[in-house]
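Taken together, the values in this text are just the output of simple stated rules run on the coordinates, not laboratory data. Since the structure is predicted, the reported quantities are computational estimates derived from the model, not experimental observations. FYI the Cβ positions are ideal-geometry reconstructions off the backbone, even for glycines, and counts take in every protein chain you see.
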Amino acid sequence: MLEGGIATEIRTNCYLCGGEGAVLYRDLVDRLFGAPGKWTFKKCVNLGCGLIWLDPMPTVDEIGKAYKNYYTHNQTKNTRWTPLARLFRAIFHKLIITLLRMRAERRRYKRMYLDQVPIGRLLEVGCGSGKRLARMKTLGWNVMGQEIDPVAAQYVREKWAIDVHLGSLETMTLPQEKYDVIIMSHVIEHVHDPVALLSACCNLLRKNGLLVLLTPNAESYGHLKFGEGWRGLEPPRHLHLFACDTLNQVSQKAGFSHQRCWTTAVSADGIGQGSQLSLEESRDDCRLVTLRDVLRGLSFQISASLMFKKNKSSGEECVLVATK
């Protein structure tokens with residue numbers, strides 16, 4: 001079947017446990033990058049699961065159509081900031097993070113929680129624009145990227161002079177020396193088979209190697225507050241949405257021996273700024289970020305951080321650290 005010109009397949013049952021799905025949201029549109037179609041999310045009714053997924057879901061062969069206007073395809077023109085918005089955020093975001101006593105957490109987040117891990121060989125799965133890889137390289141890591149998007153991969157090579165494997169993770173040649181760490185940020189929610197993805201990661205890691213990943217938290221304060229307007233939904237590119245319990249299940253099925261999962265609210269401002277966008281904003285070829293947007297994001301950073309102090313499971317992102 002077709003949805004807005006994108007071929008789809010029915011996904012009636014839960015990917016993880018096989019349970020039935022109840023409709024969570026219906027007829028959602030892509031308010032971020034203008035992919036065609038109307039999309040439905042379902043949630044597993046099994047209380048021990050709770051996975052959220054798209055049904056119907058774009059097929060593997062057609063999912064690329066959902067990325068036509070994606071940010072990695074145009075590094076400078078997707079979003080434009082007013083000078084006042086950029087200046088205000090630069091000043092007050094740092095101030096708010098300091099007042100909320102989140103500077104140490106922010107530093108750990110930027111380093112993918114590897115600040116206490118010995119430096120070695122690092123692979124980033126779905127490296128996107130390469131900014132994170134460049135940061136890790138500056139910190140001393142021996143880095144390499146993997147990306148299925150040829151436009152993004154070429155950008156990383158040219159911008160940061162970092163080697164990138166173009167193609168799926170499964171097509172990577174097993175290195176002579178396996179990786180010490182594999183990182184991925186906001187990747188697992190984009191894939192059709194998350195267990196296969198993490199299994200491939202496990203195969204590329206040395207014994208006791210680490211996998212560190214970030215993904216939107218389906219049980220976050222932002223999801224509760226914004227509902228179908230939550231930035232973390234991002235249909236039709238986000239195929240599965242996780243919480244800590246479901247992430248632990250995926251990593252166990254993939255062969256990891258030990259896992260720790262927690263949530264963080266340290267980057268909640270981006271969720272607040274990108275949630276509940278109007279259809280008019282989504283139709284713009286270049287979205288203009290104004291002072292009002294920045295204020296909305298910073299205000300949400302404060303409220304989400306205060307909520308997090310009461311409920312440690314309410315952070316906007318899940319952090320999974322799994323050991324081979």
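Run through the DSSP bridge list for the chain and note the antiparallel percent, rounded to the nearest 5. If we restrict to bridges inside the chain, about 60 percent are antiparallel. Among LEU99, LEU198, LEU247, the residue with the largest mean-square fluctuation in a Gaussian network model of the chain, with springs joining Cα atoms closer than 10 Å, is LEU99.
Which trypsin sites (Lys or Arg not before Pro) in segment 1-66 sit in a loop by DSSP (not H, G, I, E or B) and have at most 13 other Cβ atoms within 10 Å of their own Cβ? Filter output for segment 1-66: LYS38.
Relative contact order for segment 167-308: what percent, with Cα pairs under 8 Å and sequence separation of 6 or more? For segment 167-308, the relative contact order is 23 percent.
Before anything else, pin down the relative contact order of the chain: Cα pairs under 8 Å, at least 6 apart, normalised by residue count, whole percent. Relative contact order for the chain comes out at 20 percent. Here's the picture: charge each Lys and Arg Cβ at +1 and each Asp and Glu Cβ at -1 in the chain, and of PHE41, ALA104, THR82 the one pushed furthest to the positive end of that dipole is ALA104. I need the shape label for segment 1-137. Rule: rounded when a/c is under 1.5, else prolate if a/b > b/c, else oblate, with a, b, c from the alpha carbon gyration tensor. Prolate, since a/c reaches 1.5 and a/b exceeds b/c. Backbone geometry of segment 168-182 corresponds, through the Karplus equation with coefficients 6.51, -1.76 and 1.60 at θ = phi - 60°, to 3J(HN,Hα) couplings of 5, 4, 5, 8, 6, 5, 4, x, 4, 10, 5, 7, 7, 9, 10 Hz, x marking Gly and Pro. In the elastic network of the chain, a GNM with C-alpha springs shorter than 10 Å, the most mobile of LEU51, LEU169, LEU87 is LEU87. For the pair GLU228 and CYS17 in one chain, pulling the backbone fully straight at 0.36 nm per residue adds 73.5 nm over the alpha carbon distance. Mean-square fluctuations from a GNM of the chain, with a 10 angstrom spring cutoff on Cα atoms, peak among HIS258, HIS238, HIS223 at HIS258. Could you point to the label whose value was computed as semi-axes √(5λ) of the Cα gyration tensor in Å for the structure here, given (i) 45, 19, 18; (ii) 36, 24, 19; (iii) 27, 25, 22? Comparing each candidate, only (iii) matches the computed number.
In the chain, helices alone account for a calculated mean residue ellipticity at 222 nm of -9500 deg cm²/dmol, with every DSSP H run of four or more residues adding -39,500 (n - 2.57).
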